[in-house]
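The structure appears right after this line, and notes come after that.
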Amino acid sequence: MTAWLAPRLQLLAGIAGLMLLVQLINSLSGDALNAWGVLPRHLGSLPGILFAPWLHAGWWHLLNNLPGLLLLGWLALLGPPRRFVAASAFIILGSGLLVWLLARPGMHLGASGWVFGLWGLLLGRAWFERSLGSLLIAVLVLFYYGGWWFGLLPRQGISFEYHLAGALCGVLYAALTRTSRRN
């Protein structure tokens, strides 16, 4: 059991620790790192596609994103860790690119695109795989996070574009990597 559990816990703890460290450095620098977010359609902002999920507008922003990332990340990690890493990379790159191409003007940052991507991934797996395990996880996700549908709607001061792009990329990744096995 430890051989299965330890790498998953270490991965999630590493992600959380890195986000907390980045936020500490960002806070001490007067939020100077936030310049590395995604500024739509600005060529100099392309690196922000990789950096934006690790940057937050403050501690409250980070502490709102981190629980969902850890819980949904844990559910996604019930499979092989490499599958979680590949899905996360696809979600981060895909949602960041979509935000860079299509979002409203202004700085976009935070892990919410990644979080909504994991949400979409877990729901998408239930639809495309139709296994008992993926269906049970989707029911759990809908029970606890069913209200997140409202996060896909436009709101002032919130990058709903990252939410929507992340969810779309999560569902797309589920579709592209579906398996035909039945549990």
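Read-outs throughout are calculated quantities, based only on the coordinates presented, and are distinct from any laboratory measurement. Nothing here was measured: the structure is a model prediction, and the numbers come from that model. Methodologically, a virtual Cβ is constructed for each residue, glycine included, from the backbone with ideal geometry; neighbour enumeration extends over all protein chains shown.
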Q.
For the chain, take the longest principal axis of its alpha carbons; what is the angle in degrees between that and the long axis of helix 160-176, to the nearest 10 within 0 to 90?
A. 30 degrees
Q: Quick one: plug the Kirkwood hydrodynamic radius of the chain (C-alpha pairs) into Stokes-Einstein at 20 °C, 1.002 mPa s, and report D in µm²/s.
A: 129 µm²/s
Q. What shape does region 30-137 take by its C-alpha gyration tensor, where a ≥ b ≥ c are the square roots of the eigenvalues and a/c under 1.5 counts as rounded, a/b above b/c as prolate, and the rest as oblate?
A. prolate
Q) In nm, to one decimal, how far is the modelled label at THR179 from the one at ALA57, with both set 7 Å along Cα→Cβ? A) 3.9 nm
Q) Taking a spot 7 Å from the Cα of ALA35 along the direction of its beta carbon, which residues of region 82-114 have an amide N less than 20 Å from it? A) 106-110
Q) Which value, in Å to one decimal place, does the Kirkwood hydrodynamic radius take for region 100-143 when every pair of different Cα atoms is included? A) 12.0 Å
Q) Roughly what angle does helix 81-102 make with the longest principal axis of the chain, taking Cα atoms, 0 to 90 degrees, to the nearest 10? A) 40 degrees
Q: Please report the Cα spread of region 1-87 along all three principal axes, rounded to whole Å, starting with the longest.
A: 45, 27, 17
Q) Sorted by average packing, counted as other Cβ atoms within 10 angstrom per residue and highest first, what order do 24-30, 81-87 take? A) 81-87, 24-30
Q. Taking region 116-171 on its own, what percent of its Cα-Cα pair distances exceed 18 Å?
A. 32 percent
Q: Only residues of region 55-85 count here: report those whose backbone N is under 17 Å from the spot 7 Å along Cα→Cβ of SER27, or say none.
A: 55-67
Q: Taking 7 Å along the Cα-to-C-beta vector as the label spot, tell me the ALA16-LEU142 distance in nanometres, rounded to one decimal.
A: 2.8 nm
Q) Taking R0 as 25 Å, what's the FRET efficiency between LEU101 and LEU153 from their Cβ-Cβ distance, rounded to 0.05? A) 0.80
Q) Most fluctuating residue of VAL38, VAL22, VAL99 in a GNM of the chain with Cα springs under 10 Å: which is it? A) VAL22
